[in-house]
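The values are calculated or read from the model by the stated rules, or taken from the named source; none is laboratory data. Remember, it's a predicted structure, so these values are computed and weren't measured experimentally. Every residue, glycine as well, gets a Cβ built from its backbone with ideal geometry; the counts of neighbours run over all protein chains shown. Keep in mind that these areas ignore ligands, DNA and RNA; they rest on the heavy atoms of the full protein, side chains included. Shrake-Rupley method; radii C 1.70, N 1.55, O 1.52, S 1.80 Å.
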Amino acid sequence: MSPTLAGILFIGSLLLALAVCFKPLGDYMYRVYSGTRHSAVERGIYRLLGVDPDGEQRWGVYARGVLAFSVLSVLFLYALQRLQDHLVLSLGMKAVEPSSAWNTAVSFVTNTNWQSYSGESTMGHVVQTAGLAVQNFVSAATGMAVAVALVRGFARSKTDTLGNFWVDLVRGTIRILLPIAFVAALALVAGGAIQTFAGHGTWTTLTGGEQTFTPAAAASQEAIKNLGTNGGGIFNANSAHPFENPTAWTNWLTIFLLLVIASCLPRTFGRMVGDNRQGHAVVAVMATIFAASVALTHWAERSAGGTVPQAIGAAMEGRETRFGVSDSAMFASATTLTSTGAVDSFHDSYTALGGGMLIFNMLLGEVAPGGTGAGLYGMLVLAVVTVFVAGLMVGRTPEYLGKKIGAREIKLASLYLLVTPALVLAGTAVAMATATGRAAMLNGGAHGLSEILYAYTSASNNNGSAFAGVSVNTPFHNTTLGLCMAFGRFLPIVLVLALAGSLARQAPVPASAGTLPTHRPQFVGMVVGVTIILVALTFLPALALGPLAEGLL
Amino acid sequence: MATHVLESPNQAPAPKKDSRMGGGLLDPKQMIRSLPDALRKLDPRIMWRNPVMFIVEIGAVFTTALAILDPSWFAWAIVAWLWLTVVFANLAEAVAEGRGKAQAATLRAARRDTTARRLKARDPGQWDVVAAPELKQGDVVVVEAGEIIPGDGDVIEGIASVDESAITGESAPVIRESGGDRSAVTGGTKVLSDRIVVRITQQPGQSFVDRMIALVEGSNRQKTPNEIALNILLAALTVVFLVATATMQPLAIYSKSVNPGVPDSLALNADGVTGIVLVSLIVCLIPTTIGALLSAIGIAGMDRLVQRNVLAMSGRAVEAAGDVSTLLLDKTGTITLGNRQAAEFVPVAGVTERELAEAAQLSSLADETPEGRSIVVFAKERHGLREREIHGAAWVPFTARTRMSGVNLDGREVRKGAATAVMKWVRDAGGHPTDDIGHLVDGISASGGTPLVVAEKGRVLGVIHLKDVVKEGMRERFDEMRRMGIRTVMITGDNPLTARAIADEAGVDDFLAEATPEDKLALIRKEQEGGRLVAMTGDGTNDAPALAQSDVGVAMNTGTSAAKEAGNMVDLDSNPTKLIEIVEIGKQLLITRGALTTFSIANDVAKYFAIIPAMFAALYPGLDALNVMRLASPQSAILAAVIFNALVIIALIPLALRGVRYRPSSASKLLSRNLYVYGLGGIVVPFIGIKLIDLLLQLLPGMS
């Protein structure tokens, strides 16, 4: 089988599997978030939290819930790391240094999972499982809750409530993430991933040397790491590590996991707004951008020039031989188009244009299909802006799903689209303008600039993958990247919830022949166009001095 | 050319199908005349209200300072074109405003120098003379033939013919009388005959003419909700591009420092991108095209209404017109011609149609009612019966008591009228009409018509079918509305049977029969409850609540002042069919806004392809691959982009004033067309334009 055919089969089977899941999983999630019954376990949790699960919340209360929960989570994670040397099962690891602990705490709570540390030499079992793994679940569930709240804003009318954050959080975790992650973990164990709480061990390598290694509960972590589009690996090598991602088919499964929830949420959206075609349109926008991005990245990687790649027949530097160029590129595209940030290859080794595509994927705001929940709400905000710009051309003031997009709505949507670019560009500019920032660069020239751009893009968009080539574990980068992650996550969330609140209050405008149809290919094309043009226009100067300068020869 | 509505005769009342949304085209003279205004608007205190263009002005000031400190051919060329960009934007607004100025001047003339005879008590003999602007609400004035009515009010005594051409442009005088729906008079109009006593209903300085002047001048123009929202988006885009260019600087400085072999250029040196080029990039990227034309589009939209003799009291109403999804149309005058007309002669058994026609004609020869005239006309058209000169006939006029009319001629007595009245007359004369006639009468009533029974002494001849005649082309108009997603509801005082028949014939979607003002109001509330926007016309005082409740309420100028006060538009022609045109103008306004926004954003793509290689290709030669237009030099590329950016504003002023072409069709079709023209066109046109400008520029010295 030629590499091209293998690549096509790999991608084709992935897309097929996602298509098969679209309806059942989307419908299941619809029932999860729309149901009125609480299980015994859930009722217990609500009692413990002291919340009334049937109490509806206004957007402000909902947002305060998200923020309070996240702040407490950050404090808890920070404390856990700082006190690691006093904990059991710490494997003798020292307390984590303050700036790194802050960075890691924010990183895992914001679903970014940027890691400025090396997992196996920094974190013990308790921090990994009670701290980081728990956040892998709840940060993903938080994203889904916010997305569902926004969809309720479209679906409801003349109300000021959006549901109950605690219920959405608990249900997302218990009814969606836990069961899927459990099955996936078993599959990964079957594929050869390790799952143990044993301490340090020493092994003899093939060459006869001795290697000390700390095994871990890798399979369970791996499952939720991808399912929740988190991406924080238990080992430093992340999904390239053979104990996390042992074979080509676990690689397939991993990519499937990181795409599946975000790809199926549009179905949930369609069900909730009572028009499945709207969900299909949203997923079509995601699929179009996804397909174009994957194709371009493959093209860039497979046509890699250079002496060494041509001598060995492929650009294999930084790739695992068990994955090869094609599957690695697929993983890289998927991880940057979602907010996962797990890696099974070294992105810094990608061709300039291939690496540029990965940056571009994240700059799109990770909407194709995006992070769990975050992808859907990001895409819906883009749809709102598209409707506003192009919708006027049908001769009516803009409306989407029967809701008018007026001054308040467009203000919130515009601010949403402003936040991330401002963070990415300001972060990159500050890093490049200060001697401290530049001191961390290991490479110069356009490539060095790309590395810094990648770091701030990844943090601000809550991706978490790294180009590497930058010594980011410094107080400067730990602090600035931490701020980018926190603002990049919570400002958009507050804006989205405010938008949801504003939409929910409106009375719906009935659709007529004069209404802009938002389920046709025409609209899909428009959203794709607006998304790409807005991003390209915003970031072209930065991209020109980084990946484009390096790649266009 | 400004259209002088006030001097032009009444425009065609019935809207024609496919009539293109016209509007004055741009005239270079108008531009030159507006130039002083455009320059006056450079005042930062005025400019800051338009954030996008304010940024351009700041950039122009900044580059002027830079050019003074470090003069070069290129720098001054950029400075000049940046200033021109701002001036062009102001020119667009000034031209749009200028079109209303001439109208305002005429109106002012009507208002000036009027004095009023204010009655001291209800004694017509005692008055004092005061200047018109001093009149207060509640004052009572007397106006006689030849005098100008000093303010808006209601006639409380007398009847007069009034020349309202100063307001409506219609030269034929109208009758104004106390009581009823024709009591409202407008300040500035002239009494031609008789004498009326008027109670002033306006506050000083807030007369209809005052408001008209303010409207056509656009002096107190408020931004409409959609305009505000669009401004927010434009401001956000501006901020994004400011951030993008500002943060580019450290990256450029770094890139320059790691390539020490590259010499400084006019675009890039050790301090990063030069100020002139940075400002050029910002100006090219921020949405200047739509930012420059946005307010002109709004003013021109109001102006297009004024040209059709419609005054919108707020821009909000024009915008709402585009969103209207339910049209309430009065049957009489809007859908039908307003009078019943003979449509058929139905004889009873034993009588020929011609016989009936002859009798019907005879009975109607002296009948001057529209119905009577129509019977004579119909008899002539259908049966070739010419009008006759008849001598010695005794005409029997219609009275409310007899409910019939007719003629006695040479011993022959013919009557036509309401079925019960005529039947009684026949029976009284000893006749025995058959059941036959009852069926005919019921049949005509059931079809929505009005039956008039015709009889001779003692014998019923047949029935005349009188019918409401639907105006020509209405069905097509309503089909068009349906395609646009607008529901039409006919309002009538007729019984449901008649209403249904007319509704079916005219092709409206729904009807409200035996409508009372309360029913109308309830219907509007019900539609609005479901999220629909409702438009209606009205003229009577009892229409006022419904006019106030509707989203677009068009009051007829002939109507009462209560109606005019309640509506948010006034139609000076008092033509209810115009509601359809108003909706189209509203839609056209929104489409123009959306089209130019899309065009403006799409334009940026080409500008990047011009400026990015111009800035950085010296540093990274590979970036020259982005110079797809193969522009001659960095200078000419940047200057060409700036020039294009300025010229496109001028080029689009006519479009902004005229509005984009609008043909009623479904949303989907409209969108496809506009996306191709303004989206795709917006991407392609600047590539061609910049290239052409560059071809010219490279001939200039200092450009290579």
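To the nearest 10, the accessible area of B:V87 is 20 Å² with a 1.4 Å probe. Remark on the range A:213-370: hydrodynamic radius 16.1 angstrom, per the Kirkwood mean of 1/r across alpha carbon pairs. For the protein assembly as shown, the C-alpha radius of gyration sits at 1.16 times the compact-globule guess of 2.2 N^0.38 Å, with N the residue count. Taking 7 Å steps out from each Cα toward its Cβ at B:L39 and B:Q137 produces label points 4.5 nm apart.
Pull up the cross-link candidates among the lysines for B:K136, meaning alpha carbon to alpha carbon under 28 Å and not fewer than 8 places away within one chain. Partners found: B:K101, B:K120, B:K190, B:K564. One decimal place: the segment A:T207-A:S118 gains 29.6 nm when fully extended, by the rule 0.36 nm per residue minus the C-alpha distance. Just to be sure I understand: of the beta bridges DSSP finds with both ends in chain B, what percent are antiparallel, rounded to 5? Expressed as a percentage, antiparallel bridges in chain B total about 75.
A convex hull fitted to the Cα coordinates of the range B:443-550 yields 129 cubic angstrom per residue.
Residues of the range A:504-518 with accessible area at least 50 Å² lower in the all-protein-chain context than alone (1.4 Å probe)? At a threshold of 50 Å² (probe 1.4 Å), the residues of the range A:504-518 that become less exposed are A:P510, A:A513.
Mind jotting down the distance between the C-alpha centroids of the range A:11-44 and the range B:49-69, whole Å? Comparing the Cα centres of the range B:49-69 and the range A:11-44, I get a distance of 55 Å.
Taking a point 7 Å out from the Cα of B:R483 in the direction of its Cβ, the residues of the range A:485-529 whose backbone N falls within less than 19 Å of it are A:512-517. Based on the convex hull around the alpha carbon atoms, the range B:37-123 presents an average projected area of 9.5 nm². Within the range A:34-116, the trypsin sites (Lys or Arg not before Pro) that combine a DSSP coil assignment with at most 11 other C-beta atoms in a 10 angstrom radius are A:R37, A:K94. For the range B:609-704, applying the loop criterion from DSSP together with a ceiling of 15 other beta carbons within 10 Å to the trypsin sites (Lys or Arg not before Pro) yields B:R630, B:R661. Projected label points at B:D504 and A:D52, each 7 Å from Cα along the beta carbon direction, are separated by 5.7 nanometres.
Interface of B with A. Using a 1.4 Å probe and counting protein heavy atoms only, the two chains hide about 4800 Å² of accessible surface, both sides summed. Reported value for the range B:339-467: 99 Å³ per residue, from the convex hull of its C-alpha atoms. For the range B:54-160, the set of chymotrypsin sites (Phe, Trp or Tyr not before Pro) satisfying both a DSSP loop assignment and a count of at most 16 other C-beta atoms within 10 Å is empty. Charges were assigned to the Cβ only: +1 to each Lys and Arg, -1 to each Asp and Glu. The resulting dipole of chain A about its Cα centre is roughly 1840 debye. In this structure, B:A65 and A:R322 have a Cβ-Cβ separation that, at R0 = 56 Å, corresponds to a calculated FRET efficiency of about 0.35.
For chain B, the equivalent ellipsoid built from the Cα gyration tensor has semi-axes of 67, 31, 19 Å, listed from largest to smallest. The orientation-averaged projection of the convex hull spanning the C-alpha atoms of the range B:114-217 amounts to 6.2 square nanometres. With a cut-off of 11 Å on the backbone N, no residue of the range A:194-215 is near the modelled label site 7 Å out from A:D85 along Cα-Cβ. To put it simply, the accessible area of the range A:201-331 at a 1.4 Å probe is 60 percent carbon and sulfur.
With one equal scatterer per alpha carbon and no solvent term, the Debye-computed log10 I(q)/I(0) for the range B:571-704 at 0.12, 0.15, 0.22 1/Å reads -0.58, -0.77, -1.21. Approximating the spin labels as points 7 Å out from Cα along Cα→Cβ, the B:R663-to-B:A145 distance works out to 5.5 nm.
The residues of the range B:114-217 expose, per residue, 42 Å² of accessible area to a 1.4 Å probe. A Cβ-based charge dipole, computed about the Cα centre of the range B:339-467 with Lys and Arg at +1 and Asp and Glu at -1, lands at about 220 debye. Within a straight-line Cα-Cα reach of under 14 Å, A:K225 can be paired with the following aspartates and glutamates, leaving aside sequence neighbours fewer than 8 residues apart in one chain: A:E244, A:D344.
Please find the FRET efficiency linking B:A625 to A:W299, where r is the Cβ-Cβ separation and R0 is fixed at 22 Å, and quote it to the nearest 0.05. After rounding to 0.05, the efficiency reads 0.85.
The equivalent ellipsoid of the range B:207-351 has semi-axes of 63, 19, 12 Å, largest first, where each one is the square root of 5 times an eigenvalue of the Cα gyration tensor.
Secondary structure note: in the protein assembly as shown, about 80% of the DSSP beta bridges are antiparallel. With θ taken as phi - 60° and the Karplus curve 6.51 cos²θ - 1.76 cosθ + 1.60 applied, the whole-hertz 3J(HN,Hα) list for the range B:503-515 is 4, 5, 5, 7, x, 6, 7, 7, 9, 10, 9, 6, 6 Hz, x standing for glycine and proline. Rolling a 1.4 Å probe over the protein heavy atoms leaves B:Y620 with an accessible area of roughly 30 Å². For A:K158, the lysines whose Cα falls under 22 Å of its own Cα, not counting residues fewer than eight places away in the same chain, are A:K403, A:K404, A:K411, B:K526. Phi angles across the range B:256-261 convert, under the Karplus curve 6.51 cos²θ - 1.76 cosθ + 1.60 with θ = phi - 60°, into 3J(HN,Hα) values of 5, 5, 8, 10, x, x Hz, Gly and Pro given as x. The fraction of Cα-Cα pairs per 20 angstrom bin, counted from 0 for chain A, comes to 23, 58, 19, 1 percent, rounded to whole percents.
Size descriptors for the range B:386-431: radius of gyration and Dmax over Cα atoms are 11.6, 32 Å. Per-residue ellipticity at 222 nm from helix content only, as computed over chain A with -39500 (n - 2.57) for each DSSP H run of at least four residues, stands at -20500 deg cm²/dmol. Hydrophobic long helices, here whole DSSP H runs in chain A with Kyte-Doolittle means of at least -0.5 and Cα atoms spread over 30 Å or more along the helix axis, are found at A:3-34, A:59-82, A:134-155, A:248-272, A:276-302, A:407-433, A:475-505, A:521-543. Interface residues of the range A:383-400, defined as a loss of at least 40 Å² in heavy-atom accessible area between the chain alone and the complex of all protein chains with a 1.4 Å probe, are A:F388, A:V389, A:L392, A:M393, A:V394, A:G395, A:R396, A:T397. On a per residue basis, chain A carries 33 Å² of accessible surface, using protein heavy atoms and a 1.4 Å probe. Note on the range B:339-467: with neighbouring protein chains present and a 1.4 Å probe, carbon and sulfur make up 51 percent of its accessible heavy-atom surface. Between the alpha-carbon centres of the range A:117-170 and the range B:277-294 there is a gap of 41 Å.
In chain B, the longest principal axis of the Cα atoms and the axis of helix B:435-446 are about 20 degrees apart. Would you mind getting me the FRET efficiency between A:K23 and B:Q698? Use the beta-carbon distance for r and R0 = 45 Å, nearest 0.05. So the FRET efficiency works out to roughly 0.15. As a size descriptor, the averaged projected area of the C-alpha convex hull of the range A:385-504 was calculated at 8.8 nm².
Rounded to the nearest 10 square angstrom, B:S374 shows an accessible area of 10 square angstrom against a 1.4 Å probe.
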